[in-house]
Amino acid sequence: MKCNFDPHTPPEIVNGAWKHAFPVFHWLYHVINHPNFMFYITTYKDNGKNNVCLHAWGFVNSDPNHATYFILSLNKTGHTYQNVQREGVFCINYQTQETPGLAKTVHHNAYADDEIGAAGLTAEPCVSIHAPRIRECGLHLECTVLWEKEIPQSSHVVLVSRIKYVTLEEALLNTDYREKLRAFGTHLCYTQQINPLTGEMNAVGGEGRLDPALFEDW
């Protein structure tokens, strides 16, 4: 059975019991709950300290004749957006399976913190842009902002950037996609899930990994 939902008219049980339960995302996001690939955005604060943002709302796109891009949604109220606006650059860091300590970055986000060092990780300068990157990560995408556009009636913007430089571990060059997924240890982010037919809602979101063994050849 397929269920249909009008984003403008939430089911009665959502509009009642859960009306104030969605401070970050729209209620429909918690119904769709599509897992997103996790990554870390690194920038410099205006005091020169390293800033890290754990994120999952962005992806790579490409024009076959010109360039490869990273498209990103950012909250305008966050430090990362302020840093990106000021510098016009950011670095995307993807962790590999054995990358330690990255989850600790969410606990060290005060203005005076070196958010990379405080998590026990190693900061190093990017090659082509004025931003830090996390040495322990297996893939770095150094990006320069091309343009941004506000999302109507939202605190978010969409940023389109050009990838200027890439660094990746040799294991990620493996052309066997199962082995590449194992090397990536690909992490997915998922939010709280609500069943709008019953009102049942799980307590928290979390993160998990793809199992390469489940993949089939197309």
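A short reminder: the numbers here are calculations on the coordinates, not readings from a lab. Note that the structure is a prediction, hence the values are computed from the model and not measured. So basically every Cβ, Gly included, is an ideal-geometry build from the backbone, and we count neighbours across all protein chains shown.
Observations on the structure shown:
- Extension gain for ASN4-GLU170 works out to 55.2 nm (0.36 nm per residue, less the C-alpha to C-alpha distance).
- Segment 123-190 versus segment 1-57: alpha-carbon centroid distance in Å: 20
- In loop segments of segment 102-172 as defined by DSSP, the GluC sites (Glu not before Pro) with at most 15 further C-beta atoms inside 10 Å of their C-beta are GLU169.
- Residue of VAL160, VAL89, VAL60 that the Gaussian network model of the chain assigns the largest fluctuation, springs spanning Cα pairs under 10 Å: VAL60
- FRET efficiency, ARG135 to HIS20 (Cβ-Cβ, R0 45 Å, nearest 0.05): 0.60
- Applying both filters, DSSP loop and at most 14 other Cβ atoms within 10 Å, to the trypsin sites (Lys or Arg not before Pro) of segment 12-111 gives LYS19, LYS76.
- Of the residues GLY58, GLY16, GLY138, the one that moves most in a GNM of the chain with alpha-carbon contacts below 10 Å is GLY16.
- Estimated FRET transfer efficiency (SER128, GLU200; beta-carbon r; R0 41 Å; 0.05): 0.25
- Positive dipole terminus of segment 37-186, leading residue within THR175, HIS108, VAL127 (C-beta point charges): HIS108
- Over segment 1-88: Kirkwood hydrodynamic radius from C-alpha pairwise inverse distances, Å: 16.3
- Computed from phi, the 3J(HN,Hα) profile of segment 161-172 under the Karplus parametrisation 6.51, -1.76, 1.60 (θ = phi - 60°) reads 10, 9, 7, 8, 7, 10, 10, 8, 5, 4, 4, 7 Hz, with x in place of Gly and Pro.
- Helix-only mean residue ellipticity at 222 nm for the chain, each DSSP H run of n ≥ 4 adding -39500 (n - 2.57), per residue, nearest 500: -3000 deg cm²/dmol
- The smallest convex shape that holds all Cα atoms of the chain, its convex hull, gives 169 Å³ per residue.
- Straight-distance crosslink candidates among aspartates and glutamates, where the alpha carbon sits under 19 Å from LYS2 and sequence neighbours closer than 8 are dropped: GLU12, GLU200
- Mean separation of Cα contacts under 8 Å (6+ apart) over length of segment 37-186, as relative contact order %: 26
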